[in-house]
Amino acid sequence: MNAFIGALEYAKEDAQTKIIFDGAGTQAAAAFAKPDHKYHDLFEKVRGQIEGACSYCAGAFEVTDKLKDAKIELIDEFKGHPSFKKLIDDGYQVLVF
C-alpha cells in the first residue's frame, strides 16, 4: 500500500514510476487485484504504473495463474527475476517496500 501512495505522489509530478511485485509481494499483488480487497481501488488507481511481477517468485508462491488472470505481466529478465541492474542502468532509483 505504501508503494501505491508513493506512486500516486510521483504521478502528480508526471514522474515516471514502475511498480514491480517481488518475493511475497507477488501474493499481495494477487490479493490486491481482487475486487473485494480493501485496497483494490488504490491498486486500480496505480495499475498503469504496474510494470509486473517476478515470474520466479509468482511460481514459488503459487500465484502465477492469479497474476495472469489479473493481467499482471510476469517479468523474467534475469534468471526468472526482474533485472534491478537494468532499472538502475535506465536511471531509476529502486525503492523497496
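The values are calculated or read from the model by the stated rules, or taken from the named source; none is laboratory data. None of the values given here were measured: they were computed from a predicted structure. Heads up, the Cβs are rebuilt from the backbone with ideal geometry, glycines too, and the neighbour counts pull from every protein chain shown.
Each row is one residue, and each column tells you yes or no for (1) among the small types (Gly, Ala, Ser); (2) at pLDDT below 95; (3) within 16 Å of His81 (Cβ to Cβ).
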position	(1), (2), (3)
Ala3	yes, yes, no
Asp14	no, yes, no
Thr26	no, no, yes
Ala29	yes, no, yes
Phe43	no, no, no
Arg47	no, no, no
Gly52	yes, no, yes
Ala58	yes, no, yes
Val63	no, no, yes
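Quick check on Ile72: is it surrounded by 15 or more Cβ atoms within 10 Å (Cβ to Cβ) and either among the charged types (D, E, K, R) or at pLDDT 95 or above (or both)? The answer is yes for Ile72. Taking the range 63-97, which residues are closer than 22 Å to Ala31 by Cα, in a helix (DSSP H, G or I) and not charged (D, E, K, R)? Hits for the range 63-97 are Thr64, Leu67. On the basis of being surrounded by fewer than 19 Cβ atoms within 10 Å (Cβ to Cβ), assigned to a helix (DSSP H, G or I) and basic (Lys, Arg), does Lys38 make the cut? Considered against the rule, which asks whether it is surrounded by fewer than 19 Cβ atoms within 10 Å (Cβ to Cβ), assigned to a helix (DSSP H, G or I) and basic (Lys, Arg), Lys38 comes out as no.
Just checking, does the range 19-32 include any residue being loosely packed, with under 14 Cβ neighbours inside 10 Å and part of a loop (DSSP other than H, G, I, E, B)? Scanning the range 19-32 turns up at least one residue that is loosely packed, with under 14 Cβ neighbours inside 10 Å and part of a loop (DSSP other than H, G, I, E, B).
For beta carbons closer than 8 Å, sequence separation of 6+ or different chains, a first residue in the range 30-45 that is free of Cβ contacts under 8 Å to residues at least 24 places away in the same chain and a second that is part of a loop (DSSP other than H, G, I, E, B), the qualifying pairs are Ala31/His37; Phe32/Tyr39; His40/Ala33; His40/Lys34.
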